[in-house]
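Q: This is the structure, below, for whatever I ask next.
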Amino acid sequence: MPRKLDLRTGRPVWSAYRAPAVPTSALTRDAKTDVLIIGMGISGAMMAEALTADGHAVICIDRRGPLKGSTAATTALVQFEIDQPLSTLSKMIGKASAQQAWRRSRLAVSNLAGRIEDLAIDCRLRRTQSLYLAGTVLGPSELRDEAEARRQAGIAATYLTPQPLTETFGIDRGGAILSHGNIALDPRRLTAGLLLKALGRKARFHAPVEATAIEDNADEVVVTTKDGPTITARYVVLATGYELVDIVPAAAHQIISTWAIATRPQPRKLWPGAAFIWEASDPYLYMRATADGRVICGGEDEDFVDETRRDELIADKSARIAEKLGRLFPHLDVKPEFAWTGSFGTTSTGLPYIGAIPRHPRIHAVMGYGGNGITFSRIASEIISASIKGLADTDAELFAFNQ
């Protein structure tokens with residue numbers, strides 16, 4: 001079972017906003033269910049909502065409890081733009097596959113927004129534009145090529161030269177791509193809302209419960225827990241985030257540390273439209289606004305070494321992020337009111353790994369890596385719920401584990 005990571009440290013901005021409580025109970029005896037979901041963060045919550053909507057009996061367990069892992073550390077820029085630019089990804093996996101990955105990502109954001117509205121979950125949902133600024137990875141000319149690659153894929157993209165970028169957004173850069181159709185939200189409120197919908201459909205939530213062993217055969221999967229009881233399920237979904245489970249293939253991934261700050265509320269000082277802003281740089285700076293006008297800004301990513309070193313850097317990294325934010329928007333009060341750090345996974349392509357584990361068809365895994373974790377969690381809920389129903393998602397192979 002997984003190596004245990006301390007996934008976040010500091011005080012994420014979401015702690016300033018109340019999320020609904022999600023009731024759990026102790027696991028005191030052996031249990032049976034259709035699907036067992038291990039993990040009660042955003043990925044597990046989306047899976048629980050989708051599977052209970054399909055009529056499956058679901059049990060969720062988590063060794064910490066609901067919303068207590070990486071979910072609270074996300075800055076929740078829910079974008080369809082994958083970390084790997086379309087023009088770059090095309091060279092890595094082929095033009096057709098890259099275009100389809102980007103199209104599916106865009107569809108997932110749209111589907112997620114629609115689902116949140118259908119379920120009437122109050123998570124401060126706001127539809128927003130996105131600005132992708134020229135940087136060290138893609139300069140102005142490469143950014144033009146990227147905009148054209150997106151248009152060829154049927155994804156609207158407007159290239160802004162320096163003058164309209166300055167006039168419209170007050171940003172002094174060599175160029176930018178303006179996109180539409182992304183969403184900002186409160187990730188803890190969304191996760192709690194999805195879990196409560198599943199609970200209303202008779203899902204069972206047990207926490208803290210730690211899975212220690214998984215055994216599967218042709219008919220079922222048996223999961224042993226630390227305190228003794230077992231859970232027998234027709235299918236298991238591993239939604240354990242960046243705490244990797246031994247049974248999952250060692251994909252081409254690495255663990256990255258990132259840092260973030262949030263300012264005091266200052267809604268009158270925000271840039272026009274409060275668009276998402278991120279850079280075509282490595283590492284890149286990224287920012288968004290909260291519903292009450294705080295600015296969340298993150299970046300300064302580096303390879304994860306250990307939790308102690310990562311945590312020791314909070315003060316220094318926060319100061320650097322605030323300084324960069326101040327250079328971009330000199331009129332903002334960039335003093336951090338919240339500062340935190342977290343670990344997340346990345347892959348070389350920026351794409352997630354989703355689906356049944358090779359040679360273990362009843363065990364599915366959600367590895368929503370990269371900066372699009374919430375978007376990829378939505379894709380996973382669609383692909384895996386289809387698979388458990390015996391249906392084939394047309395994009396399943398795009399994200400499947402290498403056989």
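The values are calculated or read from the model by the stated rules, or taken from the named source; none is laboratory data. In this text, all values refer to a predicted model and were calculated from it rather than measured experimentally. Cβ atoms come from the backbone with ideal geometry, glycine included; neighbour counts cover every protein chain shown. The protein model used for the area step is the full one, side chains on, heavy atoms only, and it has no ligands, DNA or RNA in it. Shrake-Rupley method; radii C 1.70, N 1.55, O 1.52, S 1.80 Å.
Q: Just for the stretch 201-233: of the residues that are among the basic types (Lys, Arg) and not in a strand (DSSP E or B), which one is most open to solvent (accessible area, probe 1.4 Å)? Steps first, please.
A: Initially, the stretch 201-233 is screened for residues among the basic types (Lys, Arg), giving 201-202, 204, 226.
Subset that is not in a strand (DSSP E or B): 201-202, 226.
Values: Arg201: 79, Lys202: 159, Lys226: 134 Å².
Per the stated criteria, the residue is Lys202.
Q: With respect to the numbered conditions (1) open to solvent by 10 Å² or more (accessible area, probe 1.4 Å); (2) under 23 Å from Ser43 (Cα atoms); (3) at pLDDT 85 or above, which one is the sole condition not fulfilled by Trp340?
A: (1)
Q: Kindly provide the set of residues from the stretch 349-403 that are acidic (Asp, Glu) and open to solvent by 20 Å² or more (accessible area, probe 1.4 Å), ordered by number.
A: To start, the set of residues in the stretch 349-403 that are acidic (Asp, Glu) comprises 382, 393, 395, 397.
Scanning the stretch 349-403 gives Glu382, Asp393, Glu397.
Q: I'd like the residue in the stretch 165-190 that is part of a loop (DSSP other than H, G, I, E, B) and closer than 16 Å to Gly135 by Cβ and, out of all such residues, is most open to solvent (accessible area, probe 1.4 Å). Walk me through how you get there before you give the answer.
A: Initial filter on the stretch 165-190 (part of a loop (DSSP other than H, G, I, E, B)): 170-175, 185-186.
From the residues that got through so far, the ones that are closer than 16 Å to Gly135 by Cβ too are 171-175.
Numbers: Ile171: 0, Asp172: 132, Arg173: 63, Gly174: 34, Gly175: 0 Å².
Filtering first and then ranking leaves Asp172.
Q: Restricting to the stretch 115-141, count the residues that are of a type in the set (D, E, K, R) and in a helix (DSSP H, G or I).
A: The first filter runs over the stretch 115-141 and keeps only residues of a type in the set (D, E, K, R), leaving 115, 117-118, 122, 124, 126-127.
Then keep just the ones that are in a helix (DSSP H, G or I); that gives 115, 117-118.
Matching residues across the stretch 115-141 total 3.
Q: Determine which single condition Ala319 fails, assuming it passes every other condition in (1) assigned to a helix (DSSP H, G or I); (2) surrounded by fewer than 20 Cβ atoms within 10 Å (Cβ to Cβ); (3) modelled with pLDDT of 95 or more; (4) of a type outside the set (Phe, Trp, Tyr).
A: (3)
Q: How many residues, within the stretch 68-94, are of a type outside the set (A, V, I, L, M, F, W, C) and under 23 Å from Ser257 (Cα atoms)? Talk me through it step by step, then tell me what you get.
A: Kept after step one, since they are of a type outside the set (A, V, I, L, M, F, W, C), are these residues of the stretch 68-94: 68-71, 74-75, 79, 81, 83-85, 87-88, 90-91, 94.
Then drop every residue that is not under 23 Å from Ser257 (Cα atoms), which leaves 68-71, 74-75, 79, 81, 83-85.
Number satisfying all stated conditions: 11.
Q: Being farther than 30 Å from Pro20 by Cα, open to solvent by 20 Å² or more (accessible area, probe 1.4 Å) and among the hydrophobic types (A, V, I, L, M, F, W, C) is the filter here; which residues of the stretch 91-138 pass it?
A: Step one: filter the stretch 91-138 for residues farther than 30 Å from Pro20 by Cα, giving 91-104, 131-138.
Now drop any that are not open to solvent by 20 Å² or more (accessible area, probe 1.4 Å), which leaves 91-97, 99-100, 103, 135-137.
Passing the criteria: Met92, Ile93, Ala96, Val137.
Q: Now, a different point. Considering only the stretch 185-206, state which residues are touching a strand residue (DSSP E or B) at 6+ places or on another chain (Cβ under 6 Å) and closer than 14 Å to Gly39 by Cβ.
A: Ala203, Phe205, His206
Q: Moving on to the next point. If you go through the stretch 239-263, how many residues are modelled with pLDDT of 70 or more and not in a strand (DSSP E or B)? If you could, list the steps in order and put the result at the bottom.
A: Going residue by residue through the stretch 239-263, those that are modelled with pLDDT of 70 or more are 239-241, 247-248, 255-263.
Adding the requirement that they be not in a strand (DSSP E or B) leaves 239-241, 247-248, 263.
Here the count works out to 6.
Q: Sticking with this structure for a sec: Using the structure shown, decide if Val236 is assigned to a loop (DSSP other than H, G, I, E, B), under 26 Å from the mean Cα position of the chain (by Cα) and buried (at least 22 other Cβ atoms within 10 Å of the Cβ). Can you show your working first?
A: Details: assigned to a loop (DSSP other than H, G, I, E, B): no; under 26 Å from the mean Cα position of the chain (by Cα): yes; buried (at least 22 other Cβ atoms within 10 Å of the Cβ): yes.
So Val236 fails the test.
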